[in-house]
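To keep things clear, I will list the structure first and then write my remarks on it.
The values are calculated or read from the model by the stated rules, or taken from the named source; none is laboratory data. A quick note: this is a predicted structure, and the numbers were derived from the prediction, not measured. Cβ placement follows ideal geometry from the backbone for every residue including glycine, while neighbour counts extend to all protein chains displayed.
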Amino acid sequence: MSEGSPAALRGGMVGLGMIFDETYRPFFERAHREGVWSREVGETAVSLAAVATRTGSRARDYLAAARGRIAPFQNFSGADAVDRLLESGVDFVCVATPDDRHYEAAKKALQAGKHVLIEKPSVLRLDQLDELTALARERQALAKVVYHKLLDPDHKKLRTLVADGVLRHVNNGYCSLLEPKSISGGQFAEWIRGRNPGTYVAVHYIKLIDFTFGGRLKTVAATGQRGLVGPADGPTWDSVQLRLIYEYEDGREAAFDIHTSWVTPDNFPGYVEQEVQFRFDNGVWNGHSRKRGVELTVEGRTPNELKTTINTHYNGQFLEPWGERSQRGYGVEVIERFVREVAWVECGGPPGERGERVRAMSRLTYNDLSADRQVVAAVQALEAILAEAASGRPDGIVRVDLDQGRMELQHAGSGASQPLI
Ligand SMILES: NC(=O)c1ccc[n+]([C@@H]2O[C@H](COP(=O)([O-])OP(=O)(O)OC[C@H]3O[C@@H](n4cnc5c(N)ncnc54)[C@H](O)[C@@H]3O)[C@@H](O)[C@H]2O)c1
C-alpha cells in the first residue's frame, strides 16, 4: 500500500446462489461504488476478485448483468475451483455453498491463511468446528459465521433487555420459521436429498437463544415429517420440530421448541414466516420478525411475485429520499461488519500488532467460530436423531455435556446409547 492510497481487500466467494444474491451481491456492489470506511482504517477499497462455483454459469450471468455495478472478477468452476480461487490472491473468502459443503472450502481457505466467513450453519460436526478453529488460530486468520438474525433490531432489543436485567431468567419459548415449497422443490432441489429444514433454518434460532440467554446446552430432542419432498420412509425431511434444554448458572433450566418447514404453500402470504415467543420470570417477549406493520396487496402480483408482508429490515431494494437506488438491511450489514473486522486486522495499526488485532476480533462471540460450539453441537445432535429416525429408530434423545467432552445419542426403548463425539 503506498502512502495516501486506500487500503485494499480482495474478496473471494465460494457459492453464488440465493444468499449471494440477497446479501453478498448488494454488499460487494456498494463496496465497489463507495468502498468501506472506518475511523481507524480510513477508506478500504473492497472488491469481489474471484468466485468459485460448480458450473460457473451463475457467475457468467451475473458478470453480464452487472456490468458497471461491479468490476470484472475471475470465475472458477469445477472440482478445483476453490484451489484456483485461493491461488488467485484473495484476502478473505466467503463460503455460501449448501450447508454440508462448508467445511471443505473453509478448511482450504484457512490452510491458505485467508480470513473466512461461512454462511450458517457453520459446519455440521463439532470435530470439524474445532479443526477450523484451531487452523484459524494457527494461521492467525479470522474464522467467522453469519447469523444475520443477531443484527435484526428486534433481536438486538431483546438481548439488550436481557443484558440489562429488565427481562429476568428465561423459562421457555418457541420459535417458528416456515419456508415455501418453492425452496425445497425448486431453489434447493439439486442438493436437498438427505437434508432437513431444521439444520438449514432452526440454526438461526439456536444461535439467537444461545447468544442471547447463554447457559449450558443439556438435551436435544427432535422429530419431523416426510413424504412431500421425498419418500415418507426416506432421509429427506419436510418439517422438523426441535427441542433444546439449557441449564443456567443458578441450576434452573429452560426449554425451547423450534419448528421449521420448507413445504408451506407458495401462496402462503407469509412467504418466509418467522415468529418467536420467550417467557421470563417477569415478562413475555412476542416477536413477529416479518409482520412489522406492512401488508401489501397488488392485484395479480401478491403474494407470489411480490410478498404480502415484507421484511424490509432484512434486505430490501429502496429508492432513497435523495434519489439514489439502494439495497440494504441487516442481512447486508452483517457482511459489511465482517469486512470491517478484516480491514481492521490488516490495516488498522502497526503490522507488529496484527496478532493482537486478530485475537481481539476473535473474541467477538456473535460471529467467531470458537463461540459456535453449542450451536454446532445442537445441529450435530439434530442430524444424528433424524438419521436414526430415517433408519427406523425414532425418538432418540441427545444428552450433551461439552465441558466434559460428552455428547451421546440415547435410543428410545432399548436404552442403548451411542457417543457422538
Ligand atoms: N443467512 C440466511 O438466512 C441464509 C439464507 C439462505 C441460505 N443461507 C445459507 O447459504 C448457503 C447457500 O445457500 P443458498 O440459498 O445460496 O443455496 P443455493 O443452492 O441457491 O446456491 C448454492 C451455490 O453453491 C454452489 N456450490 C455448490 N456446491 C459447491 C462446491 N462444492 N464448490 C463450490 N460451489 C458450490 C452452487 O453452484 C451455487 O452457486 C447455505 O449454507 C444456506 O444455509 C443462508
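Between 80, 100, the distinction of being more than 9 Å from the ligand (Cβ to nearest atom) and acidic (Asp, Glu) belongs to 80 only.
Take the conditions modelled with pLDDT of 95 or more and either within 16 Å of the ligand (Cβ to nearest atom) or not in a helix (DSSP H, G or I) (or both) and apply them to residue 201. Does it pass? Before you say what the answer is, go through the steps one by one.
Working: modelled with pLDDT of 95 or more: no; either within 16 Å of the ligand (Cβ to nearest atom) or not in a helix (DSSP H, G or I) (or both): yes.
Spelling it out, it is not the case that residue 201 is modelled with pLDDT of 95 or more and either within 16 Å of the ligand (Cβ to nearest atom) or not in a helix (DSSP H, G or I) (or both).
The residues listed here are 299, 295, 275; of these, the one that is assigned to a strand (DSSP E or B) and of a type in the set (D, E, K, R) is 275. Cβ-Cβ contacts under 8 Å between residues 6 or more apart (or on different chains), taken from a first residue in the stretch 265-294 that is of a type in the set (Ser, Thr, Tyr) to a second residue that is part of a strand (DSSP E or B), are listed as 271/180; 289/274; 289/275; 289/276. Flag: residue 28 does not match the condition of being over 22 Å from the mean Cα position of the chain (by Cα) and at pLDDT 95 or above.
On the basis of being in contact with a Lys or Arg (Cβ under 6 Å, 6 or more places away or on another chain), outside any loop (DSSP other than H, G, I, E, B) and within 8 Å of the ligand (Cβ to nearest atom), does residue 93 make the cut?
Values: in contact with a Lys or Arg (Cβ under 6 Å, 6 or more places away or on another chain): yes; outside any loop (DSSP other than H, G, I, E, B): yes; within 8 Å of the ligand (Cβ to nearest atom): no.
Taking the combined requirement at face value, the residue does not satisfy it.
Among the residues making up the stretch 138-173, those that are charged (D, E, K, R) and within 16 Å of the ligand (Cβ to nearest atom) are 144, 149, 152, 154.
If you go through the stretch 63-77 and keep only what is surrounded by 21 or more Cβ atoms within 10 Å (Cβ to Cβ) and either over 25 Å from residue 143 (Cα atoms) or more than 12 Å from the ligand (Cβ to nearest atom) (or both), you end up with just 73. Residue 20 meets all of the listed conditions (1) farther than 24 Å from residue 145 by Cβ; (2) of a type in the set (A, V, I, L, M, F, W, C); (3) within 16 Å of the ligand (Cβ to nearest atom) but one, namely (1). Got at least one residue in the stretch 16-36 being farther than 29 Å from residue 379 by Cβ and polar (S, T, N, Q)? Looking through the stretch 16-36, none of the residues is farther than 29 Å from residue 379 by Cβ and polar (S, T, N, Q).
Between 257, 266, the distinction of being away from the ligand (no atom under 14 Å from the Cβ) and modelled with pLDDT of 95 or more belongs to 257 only. Taken as a whole, the stretch 48-63 holds no residue that is among the small types (Gly, Ala, Ser) and at pLDDT below 95.
When each of 192, 118 is tested for being outside the structural domain of residue 273 (by TED's automatic domain parsing), within 16 Å of the ligand (Cβ to nearest atom) and touching a residue at least 40 places away in the same chain (Cβ under 8 Å), the lone residue that passes is 118.
Kindly list, by first and then second residue, each pair from a residue in the stretch 133-155 that is in the same structural domain as residue 119 (by TED's automatic domain parsing) and part of a loop (DSSP other than H, G, I, E, B) to a residue that is crowded, with 24+ Cβ neighbours inside 10 Å and among the aliphatic types (A, V, I, L, M), limited to pairs with Cβ atoms under 6 Å and residues at least 6 apart or on different chains. Here the result reads 141/110, each pair linking the stretch 133-155 to a residue that is crowded, with 24+ Cβ neighbours inside 10 Å and among the aliphatic types (A, V, I, L, M). Counting the residues of the stretch 23-51 that are within 15 Å of the ligand (Cβ to nearest atom) and within 30 Å of residue 311 (Cα to Cα) gives 8. Checking the stretch 264-283 against the condition returns a match, with at least one residue being loosely packed, with under 13 Cβ neighbours inside 10 Å and within 22 Å of residue 180 (Cβ to Cβ). The set of residues in the stretch 146-193 that are buried (at least 17 other Cβ atoms within 10 Å of the Cβ), among the small types (Gly, Ala, Ser) and over 26 Å from residue 268 (Cβ atoms) is empty. Scanning the stretch 357-394 for residues that are over 22 Å from residue 255 (Cα atoms) and of a type in the set (Ser, Thr, Tyr) gives 362, 365, 370, 391.
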